[in-house]
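The values are calculated or read from the model by the stated rules, or taken from the named source; none is laboratory data. Treat the numbers as computed from the prediction; the structure is a model and nothing was measured. Neighbour counts are summed over all protein chains in view; Cβ atoms, including those assigned to glycine, are modelled from backbone coordinates with ideal geometry.
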Amino acid sequence: MAITKEFQRQCVEFSNSTEVKRWVIALSGGLDSMVTLELAHRFLPKAAIVAVHVNHNQQQSAEQWQQFCAQQCQQRDIEFHSFSISPKGSSEQLLRDARYQCFERFLVAGDCLLLGHHANDQAETILFRLVRGAGAKGLGAMPRHRIISNAHLLRPLLSISRPSLEQLAQHYAVHWIEDPSNQSLEYDRNYIRKQVLSPLIAHWPKACEQMAVSAQLIEQERALLNQYLAQDLRALVTDDRLDLLIWQSLEKSKAISLLRFWVCEQTASPVSKNALNRILNEVIDARVDSLGYCPVGDYHIRRFKQHLYILKAEQISQPWPVLSAQCHRYGLSQGVFELQIADAGITFKEGMYLQVRADGMTLIPVKRSRKKLVKLFQEHSVPPWLRDTWPLLMYDNEIVAVPGICICEGWLQVDKNKSLFWPHWQAL
């Protein structure tokens, strides 16, 4: 049958390009996952197959579905694992996120997660994203392959229609479970499947397969565009920050495409139209000294002077460590403090410690007059969001150094007979 050849071709091509040590079947018990299990059992090395079931505990028969999946694996002598979760809600997105979190916890390097998504699923995704105003990335729908955690994800049946899966299941006497929630029109995908896609298929029987082809073509063209954008982006980005002066000199549509591409690549999150408008209006077009930002996924987009930054969302800062002469490097959630061996620097004294700035702090950098600490940060272009977590090296309530910026008057030494250190700070 054509479906078996397609499954074998996809898996062989993938394993030829990527070493697969273990094929992991995402097993729900539904038609597509059971067909995937059967094909894997017939055409992949049995010792390398394992199945994973996620029990969402959303249906009264959830435990029976789990038992069914376990029995089907036992009949085929396939290793079976299950996760039991209780998401705080029943939305499609919430359940999907919880399910994928289970997969990510289970997968290890060398794994390939096989999902049974088919052409009808792809068509539903295209229509769903189309009505939500998706661009090329969204209309490319589900990719056949992507990275998940430290492993791989593959959808070998993405070009096959659901009726073809049903025919194969009948041919091999494969049993499956029908989820009663699939009949509810309260779920967006069910509504699209029954009220939109079904009439299309009735008029154009090959509609799903053709829409899957369209999605693949869109994704190929988007990948080619991204190659060009990545090349052009090199002229705009230095040290993980985007030069707004160069960016603003570009033709508008190209500038917007580059901005969206850069943010997507750095955050691994889609950038909606609303998020893009917020970046443009509240960050880029804001006052130069504005502290405005836009959240994207787990990141914040911020501006300082003529550069745009993508920063990890605020995390709880670790307490400053107790310094000792035996340790010269300290890694923290907010950055790395290091005492680097130098020809000119400070002599470490027991009792030196780190602290953050307080209002009104002043200091005297070597060979300079007394100045406010905030002015020193401004001179050295330290972004405002880093100033409150930038450590000061202290001794007996006196500022010894501002790591990575200066040493204070009275502390700098030049002596080849002493072990001298230059305090350094790398903010994260």
Looking only at segment 149-171, decide whether some residue is in contact (Cβ under 8 Å) with a residue 12 or more places away in the chain, of a type in the set (D, E) and more than 27 Å from N226 (Cα to Cα).
yes
Which residues, counting only those in segment 11-31, are surrounded by 20 or more Cβ atoms within 10 Å (Cβ to Cβ) and either in a helix (DSSP H, G or I) or of a type in the set (D, E, K, R) (or both)?
C11, L31
I'm trying to understand the selection: among the residues of segment 36-54, which are within 30 Å of the chain's Cα centre (by Cα), in contact (Cβ under 8 Å) with a residue 40 or more places away in the chain and in a helix (DSSP H, G or I)?
T36, L37, A40
Need the failing condition index for Q227 against (1) surrounded by fewer than 12 Cβ atoms within 10 Å (Cβ to Cβ); (2) closer than 25 Å to Y299 by Cα; (3) assigned by TED's automatic domain parsing to the domain that holds L308, just the number.
(3)
Taking segment 324-340 as the search range and keeping residues that are in contact with a strand residue (DSSP E or B) (Cβ under 6 Å, 6 or more places away or on another chain) and at pLDDT 90 or above, which one is surrounded by the fewest Cβ atoms within 10 Å (Cβ to Cβ)?
R329
Only one of A230, A275 that is farther than 22 Å from R129 by Cα and either in contact (Cβ under 8 Å) with a residue 24 or more places away in the chain or assigned to a helix (DSSP H, G or I) (or both)
A230
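Where in segment 295-377 are there strands (runs of 3 or more DSSP E), lying wholly inside it, with at least 3 residues that are closer than 30 Å to E282 by Cα? It would help to see each step written out before you state the result.
On the way: elements: 299-304, 307-312, 329-332, 335-346, 353-355.
Here the list reads 299-304, 307-312.
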Screening L233, L244 for residues that are of a type outside the set (K, R), closer than 27 Å to F377 by Cα and at pLDDT 90 or above leaves only L244
For residues that are touching a residue at least 40 places away in the same chain (Cβ under 8 Å) and among the hydrophobic types (A, V, I, L, M, F, W, C), scanning just segment 263-272, find the one that is surrounded by the fewest Cβ atoms within 10 Å (Cβ to Cβ).
C264
L250 fails exactly one of the following numbered conditions: (1) surrounded by 14 or more Cβ atoms within 10 Å (Cβ to Cβ); (2) in a helix (DSSP H, G or I); (3) not assigned by TED's automatic domain parsing to the domain that holds A134. What is the number of that condition?
(2)
Provide a single number: the residues in segment 142-160 that are part of a loop (DSSP other than H, G, I, E, B), of a type outside the set (S, T, Y) and farther than 29 Å from M1 by Cα.
1
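Which ones in segment 145-175 are charged (D, E, K, R) and under 21 Å from L107 (Cα atoms)?
R146, R155, listed by residue number.
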Which listed residue is at pLDDT below 95, closer than 19 Å to A215 by Cα and small (G, A, S), from S184, S149, S161:
S161
Just name the residue that is surrounded by the most Cβ atoms within 10 Å (Cβ to Cβ) out of those in segment 90-134 that are of a type in the set (G, A, S) and in contact with a helix residue (DSSP H, G or I) (Cβ under 8 Å, 6 or more places away or on another chain).
A123
Which condition breaks for E166 when tested against (1) within 29 Å of the chain's Cα centre (by Cα); (2) under 17 Å from S33 (Cα atoms)?
(1)
Filter segment 165-181 for residues that are at pLDDT below 90 and of a type outside the set (S, T, N, Q); the one that is farthest from N120 (Cα to Cα) is P180
